[in-house]
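The values are calculated or read from the model by the stated rules, or taken from the named source; none is laboratory data. As the structure is a computational prediction, the values presented were derived from the model and not from experiment. Please note: Cβ atoms are built from the backbone with ideal geometry, for glycine as well, and neighbour counts cover all protein chains shown. To get the accessible areas, we keep the full protein, side chains included, count just its heavy atoms, and leave off ligands, DNA and RNA. Shrake-Rupley method; radii C 1.70, N 1.55, O 1.52, S 1.80 Å.
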Amino acid sequence: MKKFMKISAVILAGVLSLGTFVGCGKQDSNVIVMGTNPTFPPFEDIQGDEIVGFDVEISKLVAEKLGKELKIEDMEFGQLLGAASSGKIDFIAAGMTATEDRAKQVDFSVPYFESKQVIIVAEDNDSITQAEDLEGKKVGVQLGTTGDLFVSGYESDAGATIDVVQFDKGAMAVADLSIGKIDAVVLDEEPAKKIVANYKGVKLVEAPFIEEVYAIAVKKGNAELLNTINEVLNEIQKNGTYDALYAEYFGVTE
């Protein structure tokens, strides 16, 4: 898996929209607020009373670059876009896929991670080996994620659909799968690996699909903050910091 995307003009045209700077509207100018949903390890997770993860480490570097204190807002994934658009948070770092639809609501940074969706099934299930095998099955997804969008919008040429069961957390979906309440789960690859490791009787299907890239999102028009985030992402790729964080959180290097 490539751990960092080289950005092309085509990708930039699809997900970036730089406008004039708009202030984030925070009363405390010494604080920068990151919005996230810490149910997505290793990108963001809760350990004790602290939110930690790959995205958090990158966000700390953004705050450091700005000379500000990082504050993290824990919220449901589906609330993040609205929170950024309204100025409740300054930016989103939540393993968020940069899509054209989302780019209508926020401005995205350059991509910083390449991922894909995967299917999780019971260990003894050999009947689901690809996306088409989900037709007519009861499939769990995390609400508002790329997996949710794909499964909820799926319809075959013959009109077959998928019975979607939405969960607030991916781990909740896998828990239901492990006791036979649903047939499969569709999640992002890295969080899926972490979650599956904690449950007996489930496995990843070796047929990943829907390749995607993650990016950091800001309120539309906040070009100053977006430029700073892009600078940090480019700097850490060049100086080895990205490689070190990647090895720490994913256990491998390219």
Q | Scan of region 82-97 for residues that are surrounded by fewer than 23 Cβ atoms within 10 Å (Cβ to Cβ) and part of a loop (DSSP other than H, G, I, E, B), ordered by number | A | 87, 88
Q) In region 172-203, what count of residues is obtained for those that are farther than 22 Å from residue 144 by Cβ and either of a type in the set (A, V, I, L, M) or in contact with a strand residue (DSSP E or B) (Cβ under 8 Å, 6 or more places away or on another chain) (or both)? A) 7
Q. Taking region 213-254 only, how many residues are small (Gly, Ala, Ser) and either under 30 Å from residue 129 (Cα atoms) or part of a loop (DSSP other than H, G, I, E, B) (or both)?
A. 5
**Q.** Positions within region 95-129 being within 27 Å of residue 183 (Cα to Cα) and touching a Phe, Trp or Tyr at 6+ places or on another chain (Cβ under 7 Å), in sequence order
**A.** 95, 96, 97, 115, 116, 117
Q | Check on residue 159, without any contact (Cβ under 8 Å) to a residue 12 or more places away in the chain and closer than 18 Å to residue 102 by Cβ | A | no
Q | Residue within region 42-60 that is of a type in the set (Lys, Arg) and at pLDDT below 95 present | A | no
Q: Might you let me know whether region 234-245 holds any residue that is free of Cβ contacts under 8 Å to residues at least 12 places away in the same chain, within 25 Å of residue 67 (Cα to Cα) and of a type in the set (S, T, N, Q)?
A: yes
Q: Could you figure out which of (1) open to solvent by 10 Å² or more (accessible area, probe 1.4 Å); (2) farther than 17 Å from residue 117 by Cα; (3) not in a helix (DSSP H, G or I) isn't true of residue 210?
A: (2)
Q. Out of (1) under 17 Å from the mean Cα position of the chain (by Cα); (2) surrounded by fewer than 19 Cβ atoms within 10 Å (Cβ to Cβ), what's the single condition that is false for residue 221?
A. (1)
Q. If a residue has to be over 15 Å from residue 233 (Cα atoms) and either crowded, with 22+ Cβ neighbours inside 10 Å or touching a His at 6+ places or on another chain (Cβ under 8 Å) (or both) to count, how many in region 98-114 make the cut?
A. 3
Q | One residue from 142, 79 being closer than 28 Å to residue 34 by Cα and either open to solvent by 20 Å² or more (accessible area, probe 1.4 Å) or among the charged types (D, E, K, R) (or both) | A | 79
Q. Can you tell which of 165, 174, 186 is open to solvent by 30 Å² or more (accessible area, probe 1.4 Å), touching a helix residue (DSSP H, G or I) at 6+ places or on another chain (Cβ under 9 Å) and not polar (S, T, N, Q)?
A. 165
